[in-house]
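For reference, the structure discussed in these notes is given below.
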Amino acid sequence: MLKDDIVALLPDLRAFARFMCREREAADDLVQNTVLAALDKQIQFEAGTNLKGWLFTIMRNRFYSDLRTQRRRPTSIDTDSAPTLAAVDNPEATLALKELTSALFELNPQSREALVLVGAGGFSYEEAAQTCGAAVGTIKSRVSRARDALALIFAEASIPKDAIRPSAAAANILAQCAQAGRRVALAA
C-alpha cells in the first residue's frame, strides 16, 4: 500500500529535508507538506515506478517554491526563542556532523543537492538527474565538483589556524565521500 511505503521512506525524506532547510522545524514542516501533497496527488503516482524519486521531486519542488515565497515576504525575528539543546551519546560524531554540514553549506546549492542525493540519499546518478531535472552528466559533474570542493575545504581546515582542526571523524566521512560510488550516511 502506498501509505505504508511512504511511512517507510520518512527517515530518508527527513534527512534530505534537513540538508535543504538547515533547521529541524523547517525540515519537519517540509516533510509534512511533502507527505500531504503526495497523499493528495497519489492518483498521479504510477505503480511500479520509483516512489522515493517521486517523493524527493515533490519535496525539492516544494522547497524551492516555499523559498521563492519567503523571499517576497518580510521576516520577523523572534529574540525570545532559543534553540533547544539535546544530550548526545557521542559528542565526536556530533562534531563531525556539524563540520560536514558546515562544509556542505559552503558548496553551491546545486552541487550540495546532487551530492546529498547520490551520497546520502542512495540515489543512482540517473535517479538524481531525474529528481533534479538535469542531465546525468550534469549530476556526475556536480557530484565530482562537490567532492573536490569538500576535499579542499577540509584540507584548508587541517592547516592549524588557532589550533582548530577538523575532527578525525569528519576526515573519515570526507574520505568515504570521496570514494566514487560509495554512499555515505550524512544525517543521523
Seminar exercise, completed: Residue separation between Leu152 and Gln32 times 0.36 nm, minus their alpha-carbon distance, gives in nm 39.6 nm
Exercise. Hey, can you rank 137-145, 1-9 by average C-beta count inside 10 Å, highest first?
Worked result: 137-145, 1-9
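Only the coordinates and a few stated rules stand behind these numbers; no lab work does. Because the structure is a prediction, the values reported are computed rather than measured. Cβ atoms come from the backbone with ideal geometry, glycine included; neighbour counts cover every protein chain shown.
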